[in-house]
1. Could you please give the count of residues in region 111-138 that are hydrophobic (A, V, I, L, M, F, W, C), more than 8 Å from ligand 1 (Cβ to nearest atom), in a loop (DSSP other than H, G, I, E, B) and within 23 Å of residue 279 (Cβ to Cβ)?
2. Filtering region 384-442 down to residues that are within 20 Å of residue 336 (Cβ to Cβ) and small (Gly, Ala, Ser), which residue is farthest from ligand 1 (Cβ to nearest atom)?
3. Keeping to region 443-457, report how many residues are within 21 Å of the chain's Cα centre (by Cα) and surrounded by fewer than 24 Cβ atoms within 10 Å (Cβ to Cβ).
4. Which number in (1) surrounded by fewer than 16 Cβ atoms within 10 Å (Cβ to Cβ); (2) in contact (Cβ under 8 Å) with a residue 40 or more places away in the chain marks the one condition that residue 311 misses?
5. Tell me the helices (runs of 4 or more DSSP H) entirely within region 150-226 that contain at least 3 residues that are more than 24 Å from residue 90 (Cα to Cα).
6. Looking only at region 160-186, which residues are in contact with a helix residue (DSSP H, G or I) (Cβ under 8 Å, 6 or more places away or on another chain) and of a type in the set (A, V, I, L, M, F, W, C)?
7. Tell me, yes or no, whether region 372-393 has at least one residue that is of a type in the set (A, V, I, L, M, F, W, C), outside any helix (DSSP H, G or I) and in contact with a Gly (Cβ under 6 Å, 6 or more places away or on another chain).
Amino acid sequence: MYTLIDYSLDNELALIGLSRAPVNALGLTLRQELQAAFRQASSDPAVKALVVYGRGLPFCAGADIAEFGGAAFDAPALPQLLIELAGSSKPMVAAIGGLALGGGLELAMACGYRISEPKARLGFPEITLGLLPGAGGTQRLPRLIGAEAALETILAGQPLHAERALELGLADHLADSADELLDAARAYARELLQAGAPAQPAYPHAEPGVALPDNFFVDYTAKKSGQWKGQLAPHLALEAVRIACEQPLDVGLAREQELFLEAMDSPQFQALRHLFFAEREAGKVPGIDASLPLRPIGKVAVIGAGTMGGGIAMNFANIGMPVVLLEQKREALDRGLAQIRKNYEISAKRGKLTQEQVEQRMALLAGTLDYADLADADLVIEAVFESMEVKRQVFVTLDEICKPGAILATNTSTLDVDQIAAFTRRPQDVIGLHFFSPANVMRLLEVVRGKETALDVLATALKLGKQIGKLPVVSGVCYGFIGNRMLEPYAREAHRLLLEGATPAQIDRVLTDLGLNMGVLSMYDLVGIDVGYLIRTPLREALACDPSYYRLADELYALGRYGQKTGRGMYIYEGRERHDDPEVLAMAERLAAELGIQRRVISDQEIHDRCLFMLINEGIQILDEGIALRAGDIDLVWTCGYGFPTWLGGPLHYAGQLGLDHVLAGINQYRALLGAYGEQWFKPAALLEQLVAAGKTRISKD
Ligand code: 3HC
Ligand code: NAI
């Protein structure tokens with residue numbers, strides 16, 4: 001008796017339906033039953049061919065990620081199972097519906113023949129988990145579609161559309177639709193039997209290495225070395241494909257296993273797996289489940305067509321939802337709409353959209369100067385200037401004109417969402433939707449839950465965030481929410497270290513060497529020294545106790561050195577090049593003298609520790625305060641919104657890798673070393689102290 005397989009006979013065909021909800025991950029029981037079903041079919045003389053399919057489910061999302069480190073290698077382990085299937089004496093057809101990912105695609109390749117439905121996606125996402133395909137993928141794919149295409153597919157980690165899979169030879173046929181897939185697979189199996197097709201067809205690229213240029217793998221690595229900096233898995237994957245090009249299949253399969261285990265043992269896999277599950281957890285909020293009715297959203301309004309408003313509006317037009325864009329003045333509105341069109345035209349030039357799609361999306365966007373046009377909107381997102389007074393005017397007006405039940409959202413980066421909600425008579429309908437710039441591109445969406453925000457408003461926002469392709473992460477209300485609040489002490493240390501003797505280039509190099517997309521000082525130059533200055537304004541009074549606080553940046557602001565846009569900021573810019581500016585270095589020396597700060601040689605280690613420990617400490621504090629629901633949410637915010645390297649798992653996961661006791665000791669060490677400055681800022685979060693005292697190795701509030 002099978003529990004996860006539906007086994008049936010259709011005359012001479014054995015139909016093996018995988019039915020492990022939700023995505024047919026190949027956990028131990030499914031592997032055992034698949035093996036048993038395969039053996040049953042193989043030994044039944046009435047069966048002449050086999051069809052494997054996902055029964056009412058996607059074909060297969062691969063190995064069971066939750067099993068890694070547990071039962072993943074209990075017999076039958078996936079690689080051995082697939083070797084057995086690939087030795088089938090009867091033709092096997094994989095009927096790929098929905099998706100065939102990772103081990104799922106390896107299963108499909110172990111079947112000699114593959115038919116897909118047109119909307120299916122096929123690929124190897126292992127690289128995004130810090131792994132490489134480990135059940136034959138790196139050996140069979142090059143033999144099937146050629147080494148270069150295989151390498152690209154494996155390293156990209158992005159699934160291919162069925163049509164592309166067909167072009168490459170990864171699928172042999174496309175069914176007309178998902179509904180017809182199983183029938184088409186049966187017909188295909190019968191055709192194969194009639195034609196006397198072999199159980200395992202010959203590989204089109206049986207010797208994938210022969211067509212490659214000399215030094216292909218060395219050159220490929222050199223080309224990608226910048227992009228792969230700090231990451232293990234791409235190197236291992238490349239090595240596996242190289243072996244496929246040089247060694248027989250059985251040797252390659254054995255080597256692939258070794259490389260896979262090396263990847264699986266690495267902290268990078270632990271980090272990326274943590275993020276995978278954190279992402280799935282992020283949508284789960286206590287009190288919200290599928291039974292909670294959501295508010296219907298059929299029309300959206302966006303107020304302010306500036307940098308953020310335009311991008312926000314595009315997200316909704318992209319999913320076919322009508323959007324009204326409101327501005328104060330005709331020129332601003334026209335400028336905003338023109339910018340949106342320009343963005344779409346760029347996508348069209350890059351082949352990502354057809355001209356028809358551009359026009360369809362533009363047709364969904366209606367500009368207005370009149371609030372009356374917002375009366376029937378289900379969701380209004382405000383993206384006007386970052387000023388409480390301007391927000392007040394907007395929300396008072398919205399309260400007057402919006403229909404009951406409409407969700408009123410603010411895109412503020414730092415202002416108090418509860419205060420904004422209190423401008424209305426319906427604070428339960430108000431929420432923060434903090435998009436990141438460029439809002440049509442960046443995946444992170446902080447969903448800021450006010451103290452009165454209704455659960456169905458929160459649930460609707462989370463669902464809608466996913467619908468527009470974002471990663472919504474819930475934050476409570478505090479200055480800067482999760483992301484910008486953590487940015488503040490991290491950047492504060494970088495600014496202070498300038499006064500103590502480090503240079504901008506040194507600080508940024510330490511951070512980019514760790515794997516951050518950009519050093520924090522370059523980031524401030526990019527965003528604008530003026531923007532940073534204005535954001536700090538509400539903090540100034542509270543922080544007057546530290547006269548060194550962002551002092552250099554404040555002076556740069558006063559000089560009009562706003563960063564990249566003025567050609568000078570922390571750095572001096574010459575075209576795309578940037579250099580430490582002698583003027584800034586001299587300014588740092590002068591300020592240090594004025595403030596009585598002893599300058600010294602600052603080590604890279606100190607830069608790393610002070611910036612990162614303060615980032616981590618603030619994250620732990622945020623967790624302890626309940627601003628973030630889980631450590632994983634904080635890690636998602638920083639990896640998805642601030643370029644923190646995914647292979648370190650985010651700041652809080654990284655803290656666990658460094659050792660929580662090490663982080664705590666470091667904070668205490670700088671507290672002692674840095675005198676009054678240390679006393680003021682290097683205060684370990686109480687939760688960190690508790691975790692260390694309890695001997696915990698990772699950060700969690702439970
Ligand atoms: N293993 C274990 N659980 C998995 C899984 C997997 N491979 N794929 C998905 N799940 C689980 C999720 O954790 C989630 O569980 P939950 O409901 O308890 O939170 C549930 O399935 C549904 O997943 P999503 O919420 O992500 O649903 P979506 O419809 O948005 O996405 C998906 C589906 C595209 C399959 C996405 O889940 C995904 O990308 N999964 C990972 C696929 C992958 O990386 N496969 C390779 C695995 S490694 C491998 O195969 C190694 C081999 O080479 C040896
Ligand atoms: P922006 O200055 O580019 O655009 C603001 C727009 O709002 C302008 O076009 C202005 O004409 C319009 N506007 C001002 N008052 C208005 C009113 N009363 N009614 C209608 N329109 C009005 O500003 P930006 O950068 O788009 O920021 C908007 C909001 O988004 C701010 O709250 C900001 O903090 C937040 N934000 C900004 C991010 C960024 O990187 N720029 C990132 C995340 C949030």
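Computed from the coordinates by the stated procedures, all read-outs in this text should not be read as laboratory data. Everything quoted here is computed from the prediction, not taken from an experiment. As a convention, Cβ positions derive from the backbone with ideal geometry for all residues, glycine included, and neighbour counts pool all protein chains shown.
1. So the count comes out to 1.
2. Among them, the one singled out is 387.
3. Total satisfying the criteria: 2.
4. (1)
5. Values: elements: 162-168, 181-194, 216-224.
Helices (runs of 4 or more DSSP H) meeting the threshold: 162-168, 216-224.
6. The answer is 160, 168, 170, 171, 174, 175.
7. Start the filter on region 372-393 by keeping residues that are of a type in the set (A, V, I, L, M, F, W, C), which leaves 372, 374-375, 377, 379-381, 383-385, 388, 390.
Restricting the remaining residues to those that are outside any helix (DSSP H, G or I) gives 375, 377, 379-381, 383-385.
Imposing the further condition that a residue be in contact with a Gly (Cβ under 6 Å, 6 or more places away or on another chain) reduces the set to 383-384.
Within region 372-393 (the criterion being of a type in the set (A, V, I, L, M, F, W, C), outside any helix (DSSP H, G or I) and in contact with a Gly (Cβ under 6 Å, 6 or more places away or on another chain)), the answer is yes, since at least one residue qualifies.
Residue-wise test of (1) touching a residue at least 12 places away in the same chain (Cβ under 8 Å); (2) more than 35 Å from the chain's Cα centre (by Cα); (3) surrounded by fewer than 17 Cβ atoms within 10 Å (Cβ to Cβ).
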site	(1), (2), (3)
3	yes, no, yes
10	yes, yes, yes
15	yes, yes, no
46	yes, yes, yes
50	yes, yes, no
56	yes, no, yes
59	yes, no, no
70	no, no, yes
